[in-house]
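See below for the structure under consideration.
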Amino acid sequence: MSDKTGRVFAIANRKGGVGKTTTAITLAHGLAKKVQAQNGRVLIIDFDPQGNVTASLNLQPREFDLADLLLDRCTFKDCVVSANRASDGYARPNLFILPSADSLAEAKSELMIKAAIGGRRSVAVEDILAHKLGFVRQLFDYTVIDCPPTLDAFSDAVYNLADEAIVPVKTDFLGEVGTVRHTSDILAAQSYGIDIKIACILPTFFDQRLTIARSVLEALVTHYGKSSVATPIPRSTIFEQAPAVDGQTIFEYQPDSTPARAYQSLVDRIYAS
Ligand code: ADP
Ligand code: MG
């Protein structure tokens with residue numbers, strides 16, 4: 001093991017369809033390109049089996065996955081997938097995925113039951129995740145976690161594993177901004193003593209022409225402060241097209257597009273911070 005002290009980011013928002021998985025994959029790929037020259041490494045941990053990061057990147061799943069790791073059925077090395085293995089020539093030599101499958105739900109219940117029998121349930125699940133995954137900091141410059149959508153002791157344990165959260169917020173509904181709903185899970189976790197910071201709010205599905213989108217952006221800036229709100233990611237059909245074409249990321253599919261530039265700005269922000 002090296003003496004790296006990598007950073008761990010959670011892409012978090014309880015709502016589905018706000019761009020979490022897209023952000024996890026795109027940010028991780030962008031960071032992997034950044035660290036390529038130093039031969040650094042970036043890991044995506046897929047805590048949301050429905051997001052299916054492995055399939056989005058057109059990678060072959062392996063025999064073991066995150067659930068097996070958490071339940072002591074395999075080692076980290078047995079389940080991590082190199083994104084360089086894509087069959088179609090899209091080499092991402094510095095990017096790795098810790099995939100999950102439907103079995104994660106089962107593993108999660110099993111861990112929660114084990115922890116509950118032990119008494120202090122969320123603490124124990126946290127300890128298991130810290131024990132099984134905490135060392136990623138020594139192996140990877142950046143770890144990006146695609147978070148589970150549900151809210152329970154398990155999500156808290158995932159937040160506990162991370163250093164910072166990036167919160168994608170879909171800019172189509174003003175009503176939610178003032179209620180802090182998007183960051184309430186993280187604020188609650190913080191109030192239990194979980195040490196996670198909010199790196200930034202990431203406005204997604206942004207359509208400059210729509211009054212609602214501009215209003216949501218303005219409200220986010222007012223609510224969270226200008227410096228906490230990242231460059232908005234435009235609404236674009238290329239986000240659905242890119243993974244469908246041989247599992248490309250938008251940096252491969254349309255690197256000069258406005259959406260790719262917006263995500264590059266997030267990559268630069270995180271890299272520089
Ligand atoms: P989540 O992980 O929060 O559920 P996803 O990243 O899976 O959200 O995105 C949901 C869907 O919206 C996917 O089909 C994705 O391709 C698409 N999508 C993501 N970001 C954008 C965007 N900025 N503009 C248009 N479509 C997007
Ligand atoms: Mg997702």
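Expressed to the nearest 5 percent, the antiparallel share of DSSP beta bridges inside the chain is 5 percent.
Under a point-charge model restricted to the Cβ atoms of Lys and Arg (+1) and Asp and Glu (-1), what is the dipole moment magnitude of region 90-244 relative to its Cα centre, in debye to the nearest 20? Could the numbers behind the result be given before it?
Details: 14 positive and 18 negative charges, 48 e Å.
Dipole of region 90-244, to the nearest 20 debye: 240 debye.
With 30 Å as the limit, the listed pairs 33/132; 34/108; 108/197; 108/170 have 34/108 beyond it between alpha carbons. Farthest towards the positive end of the charge dipole of region 101-254, among the residues 140, 162, 192, is the Cα of 192, using unit charges on the Cβ of Lys, Arg, Asp and Glu. Taking label points 7 Å from Cα along the Cα-to-Cβ direction, residue 179 and residue 110 give a separation of 3.7 nm.
What whole-number value in Å² describes the accessible area per residue of region 134-254 for a 1.4 Å probe? Write out the running numbers ahead of the final one.
Working: 5150 Å² over 121 residues.
Heavy-atom accessible area per residue stands at 43 Å².
Here the label points at residue 273 and residue 188, each 7 Å from Cα along the C-beta direction, are separated by 2.3 nm in the simple model.
Paramagnetic label reach from residue 130 (point 7 Å along Cα→Cβ; backbone nitrogen cut-off under 19 Å): within region 36-70, residues 70. Accessible surface ranking for 92, 181, 209, 41, 1.4 angstrom probe, highest first: 209, 181, 41, 92. Modelled spin labels at residue 226 and residue 117, positioned 7 Å past Cα toward Cβ, are 5.7 nm from each other. The magnitude of the dipole of region 1-148, with charges of +1 and -1 set on the Cβ of Lys/Arg and Asp/Glu and taken from the Cα centre, is near 500 debye.
Tally up the carbon and sulfur contribution to the accessible surface of the chain as a whole percent, 1.4 Å probe, everything protein left in place. Write down the numbers at each step before the final one.
Values: 6110 of 12100 Å².
The C+S portion of the solvent-accessible surface of the chain is 50 percent.
Which one of 90, 266, 244 has its Cα pushed farthest toward the positive end of the charge dipole of the chain, where Lys and Arg give +1 and Asp and Glu give -1 at the Cβ? It is 266, whose Cα lies furthest towards the positive end.
Pairs of Cα atoms under 8 Å, at least six residues apart: use those to get the relative contact order of region 1-57, whole percent. Computed over region 1-57, the figure is 24 percent. Counted by Cβ distance under 13 Å from residue 106, the other residues give a net charge of -1, where Lys and Arg count +1 and Asp and Glu count -1.
Across the chain, the longest run free of exposed loop sites, meaning chymotrypsin sites (Phe, Trp or Tyr not before Pro) lying outside DSSP classes H, G, I, E and B with no more than 16 other Cβ atoms within 10 Å, spans 1-134. Protein heavy-atom accessible surface, 1.4 Å probe, per residue over region 5-119: 42 Å². Think of the chain as having a plus end and a minus end, set by charges on the Cβ of Lys, Arg, Asp and Glu; of 113, 22, 217, 217 sits farthest toward the positive end of this dipole. Averaging Cα coordinates gives a centre for region 209-271 and one for region 25-96; these two points are 22 Å apart.
Remark: the residue 102-residue 38 segment gains 19.5 nm on full extension, using 0.36 nm per residue and subtracting the alpha carbon distance.
Here the chain is assigned +1 on the Cβ of each Lys and Arg and -1 on the Cβ of each Asp and Glu. Its dipole about the Cα centre then comes out at about 600 debye. Computed from the C-beta positions of residue 245 and residue 62 and an R0 of 30 Å, the FRET efficiency is 0.80 to the nearest 0.05.
The values are calculated or read from the model by the stated rules, or taken from the named source; none is laboratory data. Remember, it's a predicted structure, so these values are computed and weren't measured experimentally. Glycine gets a Cβ as well: all are built from the backbone with ideal geometry, and neighbour counts include every protein chain shown. Accessible surface is based on the protein model in full, side chains and every heavy atom, while ligands, DNA and RNA are left aside. Shrake-Rupley method; radii C 1.70, N 1.55, O 1.52, S 1.80 Å.
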